[in-house]
Structures are given as C-alpha cells and as structure tokens.
Amino acid sequence: MLSRLGIDTAMKSLKHVAVTAGFLGLLAAVAVGCAGAQDTGVGLRGDELPPTGFGTLRQDDISIPLRTESFSIGVIPLDESIIRLLAPDTYASMHRLLDSKQEEIVAAGAKYGSRDAVAFLVSFYGREARARFDPEALTITGQNRLFRPVGILPISPSFGDRQLNQRETATAVFVYESGIRLADPFTVSYNGISSDQWEQNLRKVERERTAVAARAAAARRPGTPP
C-alpha cells in the first residue's frame, strides 16, 4: 500500500527533476515485499551477479531520458545485474518492485514465446496539460533488431488514460521479448525521437561493477570496519 512518506517523497522528486521524477518516489511507494527476483540472463557480462549492499549509483545514472514537446520519458532497466549497483535503499525498492511484477513479466513474454523477457521501468511526465502519450510507440533497437513492448504492466492507476496533466506522472513496467542485451549499447525511441544514452550509462555501470567487487572484497577482510 502507498505510504504518506512515499507520496511526499515522490512529490518532492517531481519538482526536482522532470525526466526521472516519475519513478524516484513511486518505487518506494509501490514496492511490495516478496522473495528474490529471477535474473533475466541478459544483463552485464560475467557469471555472477554483483553482491548487494555495496552500490552507490543513483537512478539518474542508469536512466535513459527522452523529451517531447508535451512530456518527458524516463526508462530504467529492471535487471538484477544493473539494479544491484544502485545505492542500497534504492536497490531494495527496485528489487521489490521487480519481484512483485515477476510473474506478470514472465507471462507477458511467454505469450510471444520468449523465455527471458526483458523489463524496464518507464515513466511519462507531463510538461503541459492534457498531454497524450502512446505507450506502444516506445521501441528499443539493439543487435540489429527492433523491439516493441509485448506487455505493459501499469503501476500508476491513471496509466490507462494515456493522458497527463501538467506535472503528472504515469508509470508502468514495460516488457520486451528476449534479445535486448543490457551489456551492449541500444537505442530507445519514441515516435521519431531517439536516445543513445545507454552507451554512456554503460561506462558508469562497468566502473561501478568493478568498485562494488572491490568494496565487497574489502568488507570480507578480517578487521575491516562495517
């Protein structure tokens, strides 16, 4: 259930950053405690997931922004190999959100014969009144393929209206069929507007992955302060 603290946090975030505000506060508010989520197998290179509790990245560091005349879009990969690099509190919220939607994500991918569906947290943020958006128009291009959403799992109650008031946010989990490799650059597009931001984000992600491994190793040494 939504807490007053989560709602207040979300409203403050909306005023702070337009592109990523839609999911800064909502994650903490909608996250439901569940067991561990499954990894999609399309994340960063390496056999092991990063250890939890040692990340320092912010959501802005892994988000992919798009901007139209009437609204902004923020896209975040929901994959354990990525979100484990976030600061602990942010990771916990992301993990619970991913876990709470895991069965729906798998079911959406299965309809199209995809065993390893790829999920993204997507927010549309209104920059003017009565801004209409088309969620099916959000595509991803990678590995010489064009991916369209095979499932859209609303988080915001008003997401189905497909219309935003000024400073209103509509958030959902978007599911794409397998084939999008988060370890490689890809392009996010909406009706002719594109962003290659993920290529830049990958540099931060790879550096943080190395730093997380070092922090975890240091924490295991005898006499290391907590």
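Where a number appears in this text, it was derived from the coordinates with a stated rule and is not lab data. The structure presented is a predicted model; accordingly, all values stated were derived computationally and were not measured. A quick note on method: Cβ atoms are made from the backbone with ideal geometry, for glycine too, and the neighbour counts reach across all protein chains shown.
Quick one: 3J(HN,Hα) in Hz for segment 54-65, Karplus 6.51/-1.76/1.60 with θ = phi - 60°, rounded, Gly and Pro as x.
Calculated HN-Hα couplings, in order: 10, x, 9, 5, 9, 4, 4, 5, 10, 7, 10, x Hz.
Where a ≥ b ≥ c are the square roots of the eigenvalues of the C-alpha gyration tensor, would you call segment 95-158 rounded, which needs a/c under 1.5, or, failing that, prolate if a/b is larger than b/c, or oblate? Provide the component values of the computation, followed by the final result.
Values: a/c = 2.27, a/b = 1.34, b/c = 1.70.
Oblate.
Short version: ³J(HN,Hα) in whole Hz for each residue of segment 68-74, in order, from phi by Karplus 6.51 cos²θ - 1.76 cosθ + 1.60 (θ = phi - 60°), x for Gly and Pro, what are they?
Taking θ as phi minus 60°, the curve returns 10, 5, 10, 7, 10, 10, x Hz for segment 68-74.
Fewest Cβ neighbours within 10 Å first, please rank I83, I105 accordingly.
Starting with the residue having the fewest Cβ neighbours, the order is I105, I83.
Tell me, K111, K204, K101 in order of fewest to most beta-carbon neighbours within 10 Å?
Ranked by crowding around the Cβ, least crowded first: K111, K204, K101.
Please report the net charge: other residues with Cβ closer than 13 Å to the Cβ of L86, K and R +1, D and E -1.
-1
Taking neighbour Cβ counts within 10 Å as the exposure measure, how do S93, S189 sort from fewest upward?
Ascending number of Cβ neighbours within 10 Å: S189, S93.
Short version: ³J(HN,Hα) in whole Hz for each residue of segment 191-202, in order, from phi by Karplus 6.51 cos²θ - 1.76 cosθ + 1.60 (θ = phi - 60°), x for Gly and Pro, what are they?
For segment 191-202, the Karplus curve yields 6, x, 9, 10, 9, 9, 4, 4, 4, 6, 4, 4 Hz.
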